[in-house]
């Protein structure tokens, strides 16, 4: 028998009990990787070790241990651990959810942009059509740096607004248009939303009421979402 | 009743956070776990704490148990031994465990002792240990139930290291030969 092998063989039993000192243990581990006979011998000693675990006569702990465990179980659930596959699936689902949310938001944003472009297109086309119509009245205005024109079609109850150089509006505010009757009452005509990088804004007011009942047009700065009646500072006032 | 299959069913339910299954395993094995922690710690209060900790580890790690790698009771008692010896270390009474006692490390070479799970087999090993010469039994107990290395045992008992090695080897060889002979015969 090889002398080195014999020396290692003598340490196997202690290794099985975890009683070898660290340096001997490391050396034996390396030897075990290449020595089948020693691995077989180790297995036998380890069975003895496992037997020693179970060899002691059972000795029940006090009932308070069981009660304490039940209390600890109620207080702390085991950490929820996912297998790799479950974690991967969960991650994929979470990613899909995030992408869906992003997509929905993008679709909503695109819809809003589309609606705004449609509104602008409608306003522009209507305003051009009104310009070409012989009975349209044009009312120019120039007040406090804001200039432009109102195109008024009293037969169709339409008012087109061309306003240049409106000041930028704060994020929590909006420009609201009003038509003013002879009693001074105001009827909302909708909103003007200045676009970035564009010096003018166009809007068309289409009334269900006869336009002949109104004598003035105004713009005020209102809280975002608008007001039933003017509450903010006046930006523009034009006689019709 | 096939105990190992029943254990497997319970451990699978524990892995799904079933408290009733957990308590069933506790009722079945608390005596074994507590006997081991008490033997190692030799302090009733600390042993009960270690028993609690062992079962809490079972609660949180149940899904890590793999039936193909060994019997459940061996897995549980290995956790109990480790927990109790770590407690000794924390108390400053004993050194760190050798990693060869790590349950993950020894499992691959273990036979499934559930085949030999009858009390008589374990009891016979217990009596074999007690029937040994005192100096041999002492080194086994210090190594296995106190987590001491051979050089620490030599220091503890005031024996030459070579004597400790010889007695430990003789003791374990005797246990292996006699106990496994019974297993082969049985």
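The values are calculated or read from the model by the stated rules, or taken from the named source; none is laboratory data. Small disclaimer: the values here were computed from a predicted structure and weren't measured. Note that we place each Cβ from the backbone using ideal geometry, even for glycine, and neighbour counts take in every protein chain shown.
What are the residues in the range A:17-32 that are more than 19 Å from residue B:176 (Cβ to Cβ) and not in a helix (DSSP H, G or I), if any? If the condition is that a residue be more than 19 Å from residue B:176 (Cβ to Cβ) and not in a helix (DSSP H, G or I), then A:21 is the only one that fits.
So is residue A:116 modelled with pLDDT under 80 and touching a strand residue (DSSP E or B) at 6+ places or on another chain (Cβ under 8 Å) or not?
Working: modelled with pLDDT under 80: yes; touching a strand residue (DSSP E or B) at 6+ places or on another chain (Cβ under 8 Å): no.
No.
Scanning the range B:149-186 for residues that are facing chain A (nearest Cβ under 7 Å) and in a loop (DSSP other than H, G, I, E, B) yields a single hit, B:149. Look at (1) part of a helix (DSSP H, G or I); (2) more than 7 Å from chain A (Cβ to nearest Cβ); (3) modelled with pLDDT of 90 or more and you find that residue B:143 fails only one, number (2). If you go through the range A:131-170 and keep only what is at pLDDT 80 or above, within 30 Å of residue A:224 (Cβ to Cβ) and in a loop (DSSP other than H, G, I, E, B), you end up with A:145, A:157, A:165, A:166, A:167, A:168, A:169, A:170. Summed over the range B:13-28, the residues that are within 10 Å of chain A (Cβ to nearest Cβ) and touching a helix residue (DSSP H, G or I) at 6+ places or on another chain (Cβ under 6 Å) give a count of 5.
Between A:14, A:60, A:68, which is at pLDDT 90 or above, under 30 Å from residue B:34 (Cα atoms), outside any helix (DSSP H, G or I) and facing chain B (nearest Cβ under 8 Å)?
Working: A:14 fails: outside any helix (DSSP H, G or I); A:68 fails: outside any helix (DSSP H, G or I).
On inspection, the qualifying residue turns out to be A:60.
The rows are residues; the columns are (1) in contact with a helix residue (DSSP H, G or I) (Cβ under 7 Å, 6 or more places away or on another chain); (2) at pLDDT 85 or above; (3) within 9 Å of chain A (Cβ to nearest Cβ).
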site: B:47; (1), (2), (3): yes, yes, yes
site: B:52; (1), (2), (3): yes, yes, yes
site: B:70; (1), (2), (3): yes, no, yes
site: B:73; (1), (2), (3): yes, yes, yes
site: B:81; (1), (2), (3): yes, yes, yes
site: B:91; (1), (2), (3): no, no, no
site: B:94; (1), (2), (3): yes, no, no
site: B:109; (1), (2), (3): yes, no, yes
site: B:132; (1), (2), (3): yes, yes, no
